[in-house]
Amino acid sequence: MSIVIDVHTHMYTSAWLDLLKQKGGPDLSVEAGRDSPETVCYKGASFCVLEDLHFDFEQRVKNMEEAGVDIAIVSMPPPGVIWGKGEVCLEAAQLSNNEFAQAQKDFPQHIRWMAVLPWETPAHAVEEIKRACDLGAVAAIVHGNIAGKHLTDPKLAPIWQELDDRALPVLVHPTYPIGTEFMELDRYALIASTGFMIDTTLAISKMIFDGFFERYPNLKIIASHAGATLPYLTGRFDRVFDTTERAKVKISKRPSEYLKHIYYDSVTYTQESLELCVKVGTPEHVLYGSDYPFNLGDMKGVLRRVNTLPEDVKHKVRGDNARNIFGI
């Protein structure tokens, strides 16, 4: 059986959490919640349930071995270091990347990592990319929006250029979407079920129609959670492109062609959704992911669904595709 590489799996660090509690306000806070002793909230809306497993690499490796996962490319999910300002964000990134680099040294057979970056300060972010890659980072993570800025914002161009020059994979992971408070996403865990899908879908849609992939042809963008709603919308994207001149301002190819260019993880919870993602993204562009250790994570279940794919597809998704793009 082929190697299994988890490309969507998360860790936090204790130093990061301490700094967030000190400097994360006024919009971000760490509070007791219904689902965890500590949860990160945005203006009172819970969007990140903290688990003990987020901080325990040793137990992570044991759980990976039990589930049949060989390598985890860990990343820090939202709020990441998009809080505080300037030097605080940089300090949070450096502390976290240092700890991830140490975890790779401690568990070299099992752990690789993605750099977390202070995206709000591009000069700091570019320098941290260089430093993190020197420490062993194999990719980077970015939120679906940067404190309300779209990923296509010209101010972020220096960061994207550095990532493109290095041809690094970049996981686009959702955070609380723009307009969270107006959509009342503080109710019923709607950020997790709906808001995250909005954030990823809008981020990648803007990239496609804004000509982002022409500007940065070497990037390997990974759309979280099996592309959110992107696979389901591919026909609508093409129909709008075919019938609307405004959609053609910056691109000349149909959006579905760009959807074959990006990558997708397999974090979805029905077989039919996974199969649609493979059909839209192509078997060469889907990668195993678990969303461990969040309460929504499903290391064994997602792998079981991947293993149900046709024989010529499942090995690509389990790990062959990830080995190619991460150079593992």
Do me a favour and compute the ellipsoid semi-axes for the stretch 99-163 from its Cα gyration tensor, root of five times each eigenvalue, largest one first, whole Å. 25, 12, 9
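Count the DSSP beta bridges whose two residues both fall in the chain, then state the antiparallel fraction as a percent rounded to the nearest 5. Don't skip to the answer; put the middle values down first.
Values: 10 of 31 bridges.
Counting DSSP beta bridges with both partners in the chain, the antiparallel share is about 30 percent.
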Translational D (Stokes-Einstein, µm²/s) of the stretch 53-135 at 10 °C and 1.306 mPa s when Rh comes from the Kirkwood sum over C-alpha pairs? 118
Given 206/260; 105/130; 130/155; 85/250; 43/130; 21/105, which pairs have Cα atoms separated by over 22 Å? 85/250; 43/130; 21/105
Centre separation in Å (Cα based) which lies between the stretch 155-194 and the stretch 120-137: 19
Give me the number: length gained by fully extending residue 2 to residue 134, i.e. 0.36 nm times residue separation minus the C-alpha to C-alpha distance, one decimal in nm. 44.6 nm
The FRET efficiency for residue 34 and residue 272, from their Cβ-Cβ distance with R0 = 22 Å and rounded to 0.05, is 0.15
Treating only the Cβ atoms of Lys and Arg (+1) and Asp and Glu (-1) as charged, compute the dipole magnitude of the stretch 281-328 about its Cα centre; round to the nearest 20 debye. 120
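As an exercise, use a Förster radius of 45 Å and the Cβ-Cβ distance of residue 232 and residue 52 to find the FRET efficiency, rounded to the nearest 0.05. Display every interim value, and only then the final one.
On the way: r = 35 Å, r/R0 = 0.78.
The computed FRET efficiency comes out at 0.80.
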Residue among 237, 225, 328 farthest towards the positive dipole end of the chain, charges placed on Cβ: 237
Which three lengths, in whole Å and largest first, does the stretch 116-223 cover when its Cα atoms are put on their principal axes? 42, 29, 21
Tell me, which longest segment in the chain has none of the GluC sites (Glu not before Pro) that fall in DSSP loops with at most 16 further Cβ atoms within 10 Å? 185-328
What ranking do 194, 13, 243 get, fewest neighbouring Cβ atoms within 10 angstrom at the top? 243, 194, 13
Place +1 on the Cβ of every Lys and Arg and -1 on the Cβ of every Asp and Glu in the stretch 5-326, take the dipole about the Cα centre, and give the residue among 159, 208, 59 whose Cα lies farthest towards its positive end. 208
Looking only at 226, 147, 125, which one moves most when the chain is put into a Gaussian network model with springs between Cα atoms under 10 Å? 147
With unit charges on the beta carbons (Lys and Arg positive, Asp and Glu negative) and the dipole taken about the Cα centre of the stretch 5-326, which residue among 42, 10, 276 sits farthest to the positive side? 276
Give the distance, in whole Å, between the Cα centre of the stretch 259-328 and the Cα centre of the stretch 49-118. 21
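Let's see if you can work this out: charge +1 on each Lys and Arg Cβ, -1 on each Asp and Glu Cβ, no other charges. What is the dipole magnitude of the stretch 5-326 about its Cα centre, in debye to the nearest 20?
900
Taking every pair of Cα atoms in the stretch 1-153, average 1/r, invert it to obtain the Kirkwood radius, and report Rg/Rh to two decimals.
Rounded to two decimals, Rg/Rh equals 0.97.
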Distant alpha-carbon pairs in the chain (separation over 26 angstrom), percent: 44
Of all DSSP beta bridges with both partners in the stretch 126-250, the antiparallel percent, nearest 5, is 20
Rounded to the nearest 20 Debye, what is the dipole magnitude of the stretch 1-139 about its Cα centre when Lys and Arg each give +1 and Asp and Glu each give -1 at the C-beta? 300
Restricting to Cα pairs below 8 Å that are 6+ residues apart, what does the relative contact order work out to for the chain? Please round to a whole percent. 18
Rounded to the nearest 0.05, what FRET efficiency is calculated for residue 284 and residue 59 with R0 set to 30 Å and r the Cβ-Cβ distance? 0.35
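Each reported figure results from applying straightforward, stated rules to the coordinates on display, with no laboratory input. Since this is a predicted model, take the numbers as computed values, not measurements. Cβ: placed from backbone, ideal geometry, glycine included. Neighbour counts: every protein chain shown.
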